[in-house]
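Novice: Have a look at this one before I ask anything.
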Amino acid sequence: LKGLINPAVIGSAIVAATGKSALEFERGMSEVNITAQLDGKSYEELQRKIANVAKDNKAVIEIAPQSFNQIISQTGDAALSLEILDAAMKGSRAASVDMTTVSAALAQSLSVIGKEASALDVLDTFLTSKRVGAGEFGDFARYLPTMIAGASNLGIHYKEVAGVFAYITGKGQSAEKAAVLIENAFSALGEGNIRE
(Lines give C-alpha, C1' and ligand atoms only; values in the text may rest on other atoms or scores of the structure.)
Protein backbone atom coordinates (compact mmCIF):
# COMPACT_ATOMS: atom_id res chain seq x y z
CA LEU A 1 0.00 0.00 0.00
CA LYS A 2 2.82 2.43 0.82
CA GLY A 3 4.27 1.86 -2.61
CA LEU A 4 0.99 2.78 -4.28
CA ILE A 5 0.00 5.80 -2.22
CA ASN A 6 2.26 8.67 -1.32
CA PRO A 7 0.84 10.29 1.86
CA ALA A 8 2.89 13.45 1.30
CA VAL A 9 1.13 13.95 -2.01
CA ILE A 10 -2.42 12.99 -1.14
CA GLY A 11 -2.58 14.57 2.29
CA SER A 12 -3.99 13.66 5.65
CA ALA A 13 -7.55 13.12 4.39
CA ILE A 14 -6.65 9.99 2.45
CA VAL A 15 -4.06 8.79 4.95
CA ALA A 16 -6.84 8.58 7.53
CA ALA A 17 -8.96 6.51 5.18
CA THR A 18 -8.90 2.75 5.28
CA GLY A 19 -6.68 0.84 2.88
CA LYS A 20 -9.66 -0.03 0.67
CA SER A 21 -10.84 3.60 0.58
CA ALA A 22 -7.34 4.75 -0.28
CA LEU A 23 -7.10 2.27 -3.14
CA GLU A 24 -10.55 3.30 -4.43
CA PHE A 25 -9.48 6.94 -4.25
CA GLU A 26 -6.29 6.20 -6.17
CA ARG A 27 -8.17 4.18 -8.80
CA GLY A 28 -10.70 6.99 -9.18
CA MET A 29 -7.91 9.53 -9.55
CA SER A 30 -6.40 7.47 -12.35
CA GLU A 31 -9.71 7.76 -14.19
CA VAL A 32 -9.72 11.51 -13.52
CA ASN A 33 -6.29 11.83 -15.10
CA ILE A 34 -7.47 10.05 -18.23
CA THR A 35 -9.92 12.93 -18.64
CA ALA A 36 -7.77 15.76 -17.26
CA GLN A 37 -4.46 14.70 -18.91
CA LEU A 38 -2.26 16.34 -16.26
CA ASP A 39 1.49 16.06 -15.80
CA GLY A 40 2.92 14.53 -12.61
CA LYS A 41 3.07 17.65 -10.46
CA SER A 42 -0.34 18.99 -11.54
CA TYR A 43 -1.87 15.54 -11.02
CA GLU A 44 -0.47 15.32 -7.48
CA GLU A 45 -1.75 18.80 -6.68
CA LEU A 46 -5.21 17.90 -7.99
CA GLN A 47 -5.22 14.72 -5.87
CA ARG A 48 -4.47 16.78 -2.78
CA LYS A 49 -7.17 19.34 -3.58
CA ILE A 50 -9.86 16.72 -4.22
CA ALA A 51 -8.95 14.89 -1.00
CA ASN A 52 -9.12 18.15 0.94
CA VAL A 53 -12.52 19.07 -0.53
CA ALA A 54 -13.85 15.66 0.55
CA LYS A 55 -12.29 16.04 3.99
CA ASP A 56 -13.62 19.58 4.48
CA ASN A 57 -17.13 18.43 3.57
CA LYS A 58 -16.89 15.25 5.65
CA ALA A 59 -17.69 13.26 2.52
CA VAL A 60 -16.78 9.68 1.71
CA ILE A 61 -13.38 10.16 0.16
CA GLU A 62 -13.52 7.39 -2.42
CA ILE A 63 -16.54 8.93 -4.22
CA ALA A 64 -14.84 12.30 -4.69
CA PRO A 65 -12.75 11.33 -7.77
CA GLN A 66 -15.73 9.72 -9.49
CA SER A 67 -17.86 12.82 -8.94
CA PHE A 68 -15.01 15.10 -10.00
CA ASN A 69 -14.52 13.08 -13.18
CA GLN A 70 -18.20 13.48 -14.11
CA ILE A 71 -17.94 17.22 -13.49
CA ILE A 72 -14.70 17.83 -15.42
CA SER A 73 -16.07 15.80 -18.34
CA GLN A 74 -18.81 18.43 -18.58
CA THR A 75 -16.80 21.59 -17.85
CA GLY A 76 -13.31 20.79 -19.16
CA ASP A 77 -11.94 23.13 -16.46
CA ALA A 78 -10.19 21.70 -13.39
CA ALA A 79 -10.54 24.83 -11.22
CA LEU A 80 -14.25 25.21 -11.99
CA SER A 81 -14.73 21.48 -11.45
CA LEU A 82 -13.18 21.71 -7.96
CA GLU A 83 -15.53 24.58 -7.15
CA ILE A 84 -18.51 22.55 -8.38
CA LEU A 85 -17.36 19.46 -6.43
CA ASP A 86 -17.24 21.50 -3.23
CA ALA A 87 -20.67 23.03 -3.85
CA ALA A 88 -22.15 19.66 -4.86
CA MET A 89 -20.98 18.07 -1.62
CA LYS A 90 -22.53 20.92 0.36
CA GLY A 91 -25.74 20.81 -1.69
CA SER A 92 -26.05 17.06 -1.44
CA ARG A 93 -26.04 17.31 2.33
CA ALA A 94 -28.35 20.37 2.43
CA ALA A 95 -30.95 18.96 0.02
CA SER A 96 -30.62 15.30 1.07
CA VAL A 97 -29.98 14.35 -2.56
CA ASP A 98 -27.25 12.21 -4.04
CA MET A 99 -24.16 14.11 -5.07
CA THR A 100 -24.36 12.95 -8.68
CA THR A 101 -27.68 14.77 -9.13
CA VAL A 102 -26.36 18.01 -7.64
CA SER A 103 -23.01 17.93 -9.43
CA ALA A 104 -24.60 17.17 -12.81
CA ALA A 105 -27.03 20.08 -12.45
CA LEU A 106 -24.30 22.50 -11.38
CA ALA A 107 -21.84 21.39 -14.06
CA GLN A 108 -24.43 21.63 -16.85
CA SER A 109 -25.66 25.02 -15.63
CA LEU A 110 -22.21 26.53 -15.12
CA SER A 111 -21.02 25.34 -18.53
CA VAL A 112 -23.71 27.69 -19.91
CA ILE A 113 -23.54 30.47 -17.29
CA GLY A 114 -19.74 30.68 -17.33
CA LYS A 115 -17.86 33.00 -15.01
CA GLU A 116 -20.98 35.09 -14.34
CA ALA A 117 -21.70 33.12 -11.16
CA SER A 118 -19.96 30.81 -8.73
CA ALA A 119 -21.05 27.23 -8.12
CA LEU A 120 -22.31 28.20 -4.67
CA ASP A 121 -24.41 31.04 -6.16
CA VAL A 122 -26.02 28.65 -8.62
CA LEU A 123 -26.58 26.06 -5.88
CA ASP A 124 -28.16 28.74 -3.68
CA THR A 125 -30.46 29.73 -6.57
CA PHE A 126 -31.52 26.10 -7.04
CA LEU A 127 -32.17 25.63 -3.31
CA THR A 128 -34.10 28.90 -3.07
CA SER A 129 -36.26 28.13 -6.08
CA LYS A 130 -37.00 24.68 -4.66
CA ARG A 131 -37.98 26.26 -1.34
CA VAL A 132 -40.30 28.78 -3.04
CA GLY A 133 -41.65 26.37 -5.66
CA ALA A 134 -43.13 22.93 -5.32
CA GLY A 135 -41.51 19.58 -6.01
CA GLU A 136 -38.38 17.69 -5.10
CA PHE A 137 -34.88 19.12 -5.45
CA GLY A 138 -34.23 16.39 -8.01
CA ASP A 139 -36.93 17.91 -10.24
CA PHE A 140 -35.26 21.32 -10.08
CA ALA A 141 -31.85 19.74 -10.74
CA ARG A 142 -33.24 17.82 -13.72
CA TYR A 143 -35.13 20.63 -15.48
CA LEU A 144 -33.44 23.93 -14.60
CA PRO A 145 -30.13 23.34 -16.45
CA THR A 146 -31.94 22.68 -19.75
CA MET A 147 -34.13 25.74 -19.31
CA ILE A 148 -31.11 27.86 -18.35
CA ALA A 149 -29.39 26.80 -21.58
CA GLY A 150 -32.44 27.74 -23.66
CA ALA A 151 -32.85 31.06 -21.87
CA SER A 152 -29.20 32.07 -22.25
CA ASN A 153 -29.65 32.27 -26.03
CA LEU A 154 -32.35 34.89 -25.40
CA GLY A 155 -30.30 36.85 -22.88
CA ILE A 156 -32.48 35.74 -19.95
CA HIS A 157 -30.58 35.46 -16.65
CA TYR A 158 -30.47 32.06 -14.94
CA LYS A 159 -32.00 33.47 -11.74
CA GLU A 160 -35.01 34.68 -13.73
CA VAL A 161 -35.45 31.18 -15.14
CA ALA A 162 -35.30 29.68 -11.65
CA GLY A 163 -37.79 32.27 -10.41
CA VAL A 164 -40.29 31.55 -13.20
CA PHE A 165 -39.93 27.79 -12.65
CA ALA A 166 -40.46 28.20 -8.89
CA TYR A 167 -43.49 30.43 -9.50
CA ILE A 168 -45.16 28.03 -11.93
CA THR A 169 -44.55 24.94 -9.78
CA GLY A 170 -45.69 26.89 -6.73
CA LYS A 171 -49.00 27.59 -8.51
CA GLY A 172 -49.73 23.88 -8.85
CA GLN A 173 -48.08 22.77 -12.08
CA SER A 174 -45.90 19.67 -11.94
CA ALA A 175 -42.19 20.21 -12.51
CA GLU A 176 -42.38 18.38 -15.83
CA LYS A 177 -45.34 20.43 -17.10
CA ALA A 178 -43.76 23.69 -15.88
CA ALA A 179 -40.55 22.83 -17.76
CA VAL A 180 -42.49 22.14 -20.96
CA LEU A 181 -44.41 25.41 -20.66
CA ILE A 182 -41.24 27.43 -20.07
CA GLU A 183 -39.29 25.71 -22.85
CA ASN A 184 -42.18 26.33 -25.26
CA ALA A 185 -42.19 30.01 -24.29
CA PHE A 186 -38.42 30.25 -24.86
CA SER A 187 -38.77 28.46 -28.19
CA ALA A 188 -41.47 30.91 -29.31
CA LEU A 189 -39.40 33.88 -28.13
CA GLY A 190 -36.52 32.56 -30.21
CA GLU A 191 -38.42 33.32 -33.40
CA GLY A 192 -37.59 36.77 -34.71
CA ASN A 193 -41.11 37.81 -35.72
CA ILE A 194 -42.52 36.93 -32.28
CA ARG A 195 -39.75 38.80 -30.46
CA GLU A 196 -40.45 41.89 -32.57
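The values are calculated or read from the model by the stated rules, or taken from the named source; none is laboratory data. Everything numeric here is computed off the predicted structure, so don't read it as measured data. Every residue, glycine as well, gets a Cβ built from its backbone with ideal geometry; the counts of neighbours run over all protein chains shown. For accessibility, only protein heavy atoms count, side chains too; no ligands or nucleic acids. Shrake-Rupley method; radii C 1.70, N 1.55, O 1.52, S 1.80 Å.
Novice: Once neighbouring chains are kept in place and the probe is 1.4 Å, which whole percent of the accessible area of the stretch 55-174 is contributed by carbon and sulfur?
Specialist: That fraction is 50 percent.
Novice: Report the per residue volume, in Å³, of the convex hull enclosing the C-alpha atoms of the chain.
Specialist: Normalising the Cα hull of the chain by residue number yields 113 Å³.
Novice: Tabulate in residue order the Karplus-calculated ³J(HN,Hα) for the stretch 65-78, using 6.51 cos²θ - 1.76 cosθ + 1.60 with θ = phi - 60°, rounded to whole Hz; enter x for Gly and Pro.
Specialist: x, 4, 5, 4, 4, 5, 5, 5, 5, 7, 8, x, 10, 5
Novice: Turning to a different aspect of this structure: Viscosity 1.002 mPa s, temperature 20 °C: Stokes-Einstein D of the stretch 86-196 from its Kirkwood Cα radius, in µm² per second?
Specialist: This corresponds to a translational diffusion coefficient of 154 µm²/s.
Novice: Where the centroid of each part is defined by its Cα atoms, how far is the stretch 143-196 from the stretch 50-89 in Å?
Specialist: 29
Novice: Below 8 Å between Cα atoms, with a sequence gap of 6+, how large is the relative contact order for the stretch 89-196 in percent?
Specialist: 25
Novice: Any idea what the relative contact order of the chain is, in percent, if you count C-alpha pairs under 8 Å spaced at least 6 apart?
Specialist: 14
Novice: On to the next question. Report the FRET efficiency, 1/(1 + (r/R0)^6), for Ser187 and Thr35, where r is their Cβ-Cβ distance and R0 is 45 Å, rounded to 0.05.
Specialist: Efficiency for this residue pair is about 0.85.
Novice: Here is a further query. Under 1.5 on a/c is rounded, so check that first for the stretch 46-149, then, if it is not, pick prolate when a/b is larger than b/c and oblate when it is not; a ≥ b ≥ c are the square roots of the alpha carbon gyration tensor eigenvalues.
Specialist: Oblate, since a/c reaches 1.5 and b/c is not below a/b.
Novice: Distance cut-off 26 Å, Cα to Cα: go down the list Lys58/Lys177; Lys20/Lys58; Lys90/Lys159; Lys58/Lys130; Lys90/Lys130; Lys115/Lys159 and report the pairs above it.
Specialist: Listed pairs above 26 Å: Lys58/Lys177.
Novice: Determine the calculated [θ] at 222 nm for the chain from helices alone, applying -39500 (n - 2.57) to every DSSP H run no shorter than 4 residues and normalising by the residue count; nearest 500 deg cm²/dmol.
Specialist: The helix-only estimate for the chain comes to -24000 deg cm²/dmol at 222 nm.
Novice: Would you mind checking the tilt of helix 175-189 against the longest principal axis of the Cα atoms of the chain, expressed as 0 to 90 degrees and rounded to 10?
Specialist: Computed tilt is about 70 degrees.
Novice: Got a sec to turn the phi values of the stretch 113-119 into Karplus ³J(HN,Hα) couplings, 6.51 cos²θ - 1.76 cosθ + 1.60 with θ = phi - 60°, whole Hz, x for Gly and Pro?
Specialist: For the stretch 113-119, the Karplus-derived couplings read 5, x, 7, 4, 9, 8, 4 Hz, x marking Gly and Pro.
Novice: With springs connecting C-alpha atoms under 10 Å apart, model the chain as a Gaussian network and identify which of Ala149, Ala117, Ala95 has the largest mean-square fluctuation.
Specialist: Its mean-square fluctuation being the largest, the pick is Ala117.
Novice: Another question about this same structure. Probe of 1.4 angstrom, ligands and nucleic acids ignored: what's the accessible area per residue over the chain, in square angstrom?
Specialist: 52
Novice: Right, something else. If r is the Cβ-Cβ distance from Tyr167 to Val60 and R0 is 30 Å, what FRET efficiency results, to the nearest 0.05?
Specialist: Result of the calculation: an efficiency of 0.25.
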